[in-house]
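Peer 1: Quick one: this structure, given as structure tokens, is what I'll be asking you about.
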Amino acid sequence: MSDVMSFLGIITGLGLLIVMAYRGWSVLFLAPVTALVAAGFSGFPLLASWTQIFMEAAGWYIIRFFPLFLLGAVFAKLMNDSGSVQIIADFMIRKLGKERSILAVVLAGALLTYGGVSLFVAFFVLVPMAQALFRAGDIPRRLIPATIILGTSTFTMTALPGSPAIQNVIPVAFFGTSIYAAPVLGLIAALIMLGIGLAWLRYAQRMAVVRKEGYGAAKFFEVDTEKMREHATTASTFDPVEMAHGGFKDGQPSVFVAFVPCLVMIYCNLVLSLIVFPLSEASFLEQPAWGSTSLDSVAGIWAVMASLSLAILTLVVLNFKRLTHLRDVIDSGANAAVLPAMSVASLVGFGAVIAALPAFDAIREWVLNIEGGPLVSLAVATNILAALTGSASGGLTIALEALGPAYMELAGQTGIDPAVMHRVATIGAGTLDILPHNGAIVTLLVLCGVTHREGYKDIAMTGIATSLAALVVVVALGGVF
């Protein structure tokens, strides 16, 4: 009977979290409340569940990943306010031409996000650019969100080796890998996502021509910034409210100056991850004063931190005269990191409470024993949790915190490289998170003036179908080789 009540508690808590979050309630408040509802069904002491389980897990997440949120948001804000983001986007348009508008938007989004620019900063630049291009080419405006999602939230977020996206960094802490884990599988997955996504968008464009469907009239939504941020902050590392704060650019940088910080970040990441840290001696980390850990468990995160720091320094030096309000820009970027980090940490705390309940043992056993082996099991677990939470990073962390040690044990027993598990987990988390209640989807549709009815089918094809196809191939190849 106690297990039945515990299971009912999990269902009730999760259901309340999903419904209320979709209605715009803050995850910061919802996560502990719904976690305590679930704990109450199991007869757990509520205060102890909050302080000893929920807060321990949320605090661990902040300790491990907040530096990435902070540096990533500051870098994104500096890139935006220096004019670099706009210059990179404009450069892609000039090179590809208006006749290849869809490809230009996709590749512009890919360049920005792989270069370390936060998702929502990219949205605010890409949307007006895409609207102008699609209007000029008489391409249906309903395809704009799907085009932007393909470029920003698929292959550059989860598949390309070396991506600084938080979704690609989280598995490092659990599997002792690097953000370049399984590079061949990652490249194969990226090509599948890009190829299928572009093929669908071209097909949709051709069908629109046959139906004589042009750009159409945009819907005008009144953007409620405060409500939008509650949807958005669990799906990105940047609080969109801060886009309007801080200092702004004085003049425009050259294309070279705009690209250099991104190139510095990518190159530094590569050298640190594959050369410097693997050859370093850091036995001092085994001491209790330094967390009783190893270099393998922190090197991946350190590489991204150091790369972002150097990219920020490069950006400031190259744009010092242009950034006339540097302190305000940095303050705004730092502030933009807080709410997203705390929101995802709260989801992690919720997941920790759920994982501690008696009924979760049965759920864990079911997940780990799914037919097809550990890679299939891991893909299913990350997909389900990312879908339920509407957050790739939140769902991924919950899955790995609850099941990560078990998967590492299975990897040892079956001979599967942890790097393959890293890539499967990352792609899996970035698949079914793109459901209608995802904060990035809600925000992007509002910015584009497109309704769910008009634009979501194409988003599902470029975001979900492409990632699922890539995930199936990666799981199959990872299991064979």
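Peer 1: Could you please let me know if PHE134 is in contact (Cβ under 8 Å) with a residue 40 or more places away in the chain, of a type in the set (A, V, I, L, M, F, W, C) and under 30 Å from ARG211 (Cα atoms)?
Peer 2: Yes; evaluated as a whole, the condition is true for this residue.
Peer 1: Next question, about the same structure. Assuming ILE427 fulfils every condition listed in (1) modelled with pLDDT under 85; (2) over 22 Å from GLY9 (Cβ atoms) apart from one, which condition is it?
Peer 2: (1)
Peer 1: Shifting gears a bit: Going through ALA58, ALA31 one at a time, which residue ends up being under 22 Å from the mean Cα position of the chain (by Cα), farther than 30 Å from ILE312 by Cβ, in contact (Cβ under 8 Å) with a residue 40 or more places away in the chain and in a helix (DSSP H, G or I)?
Peer 2: Result: ALA31 is the single residue among ALA58, ALA31 that is under 22 Å from the mean Cα position of the chain (by Cα), farther than 30 Å from ILE312 by Cβ, in contact (Cβ under 8 Å) with a residue 40 or more places away in the chain and in a helix (DSSP H, G or I).
Peer 1: Would you pick out the residues in region 97-114 that are over 25 Å from TYR267 (Cα atoms), without any contact (Cβ under 8 Å) to a residue 40 or more places away in the chain and part of a helix (DSSP H, G or I)?
Peer 2: The answer is LYS98, GLU99, ARG100, SER101.
Peer 1: Go through region 467-481 and give me each residue that's farther than 17 Å from ALA381 by Cβ and surrounded by fewer than 24 Cβ atoms within 10 Å (Cβ to Cβ).
Peer 2: Residues satisfying the conditions are ALA469, VAL473, ALA476, LEU477, VAL480, PHE481.
One line per residue, one yes/no per condition, for (1) modelled with pLDDT of 85 or more; (2) open to solvent by 10 Å² or more (accessible area, probe 1.4 Å); (3) of a type in the set (Ser, Thr, Tyr):
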site: GLY439; (1), (2), (3): no, no, no
site: VAL446; (1), (2), (3): no, yes, no
site: GLY455; (1), (2), (3): yes, no, no
site: ALA465; (1), (2), (3): yes, yes, no
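Peer 1: With the structure loaded, tell me whether THR431 is outside any helix (DSSP H, G or I), open to solvent by less than 50 Å² (accessible area, probe 1.4 Å) and either among the hydroxyl-bearing types (Ser, Thr, Tyr) or out of contact with any helix residue (DSSP H, G or I) (no Cβ under 6 Å at 6 or more places or on another chain) (or both) or whether it fails that test. Spell out how you get there, then give the answer.
Peer 2: Values: outside any helix (DSSP H, G or I): yes; open to solvent by less than 50 Å² (accessible area, probe 1.4 Å): yes; either among the hydroxyl-bearing types (Ser, Thr, Tyr) or out of contact with any helix residue (DSSP H, G or I) (no Cβ under 6 Å at 6 or more places or on another chain) (or both): yes.
So THR431 fits the description; yes.
Peer 1: Also, quick follow-up: Check ARG135, ARG142 and return the single one that is closer than 17 Å to CYS448 by Cα, open to solvent by 30 Å² or more (accessible area, probe 1.4 Å) and at pLDDT 90 or above. Let's see the steps before the verdict.
Peer 2: On the way: ARG135 fails: at pLDDT 90 or above.
Going through ARG135, ARG142 in turn, the sole match is ARG142.
Peer 1: What's the total number of residues in region 299-326 that are touching a residue at least 40 places away in the same chain (Cβ under 8 Å) and out of contact with any strand residue (DSSP E or B) (no Cβ under 9 Å at 6 or more places or on another chain)? Please lay out each step first, then the result.
Peer 2: The first filter runs over region 299-326 and keeps only residues touching a residue at least 40 places away in the same chain (Cβ under 8 Å), leaving 299-301, 303-305, 307-312, 314-316, 318-319, 321-326.
With out of contact with any strand residue (DSSP E or B) (no Cβ under 9 Å at 6 or more places or on another chain) added as a condition, the list becomes 299-301, 303-305, 307-312, 314, 318, 321, 325-326.
Qualifying residue count for the region: 17.
Peer 1: Could you list all residues from region 18-40 that are open to solvent by less than 10 Å² (accessible area, probe 1.4 Å) and of a type in the set (S, T, N, Q)?
Peer 2: Hit for region 18-40 is THR34, nothing else.
Peer 1: Restricting attention to region 406-428, which residues are in contact (Cβ under 8 Å) with a residue 12 or more places away in the chain, open to solvent by 10 Å² or more (accessible area, probe 1.4 Å) and either outside any helix (DSSP H, G or I) or of a type outside the set (A, V, I, L, M, F, W, C) (or both)?
Peer 2: Matches in region 406-428: THR414, ILE416, ASP417, PRO418.
Peer 1: To continue, here is another question. Only one of these is within 17 Å of PHE174 (Cβ to Cβ), modelled with pLDDT under 85 and in contact with a helix residue (DSSP H, G or I) (Cβ under 9 Å, 6 or more places away or on another chain): ALA387, ALA362, ALA402, ALA381. Name it.
Peer 2: ALA402
Peer 1: A further question on this structure: Checking TYR180 against (1) open to solvent by 10 Å² or more (accessible area, probe 1.4 Å); (2) outside any loop (DSSP other than H, G, I, E, B); (3) more than 25 Å from ARG100 (Cα to Cα), which single condition isn't satisfied?
Peer 2: (2)
Peer 1: When residues of region 28-59 are filtered for being more than 13 Å from GLY351 (Cα to Cα), aliphatic (A, V, I, L, M) and in contact with a Leu (Cβ under 6 Å, 6 or more places away or on another chain), how many remain?
Peer 2: 1
Peer 1: Conditions: (1) among the aromatic types (Phe, Trp, Tyr); (2) in a helix (DSSP H, G or I); (3) closer than 30 Å to ASP361 by Cα; (4) open to solvent by 20 Å² or more (accessible area, probe 1.4 Å). PHE65 meets all but one. Number of the miss?
Peer 2: Status for PHE65: all satisfied but (4).
Peer 1: Does any residue in region 146-175 that is open to solvent by 10 Å² or more (accessible area, probe 1.4 Å) come within less than 6 Å, Cβ to Cβ, of a residue that is assigned to a loop (DSSP other than H, G, I, E, B) six or more places away or on a different chain, and which pairs are these?
Peer 2: Matching pairs, first to second residue: MET157/ALA165; MET157/GLY430; PRO161/TYR180; PRO164/GLY116; ILE166/THR237; GLN167/GLY430.
The values are calculated or read from the model by the stated rules, or taken from the named source; none is laboratory data. Computed from a prediction, not measured in an experiment: that's the story for all the values here. Here Cβ is always computed from backbone atoms with ideal geometry, including for glycine, and neighbour counts include all displayed protein chains. Heavy atoms of the whole protein, side chains included, go into the accessibility calculation; ligands, DNA and RNA do not. Shrake-Rupley method; radii C 1.70, N 1.55, O 1.52, S 1.80 Å.
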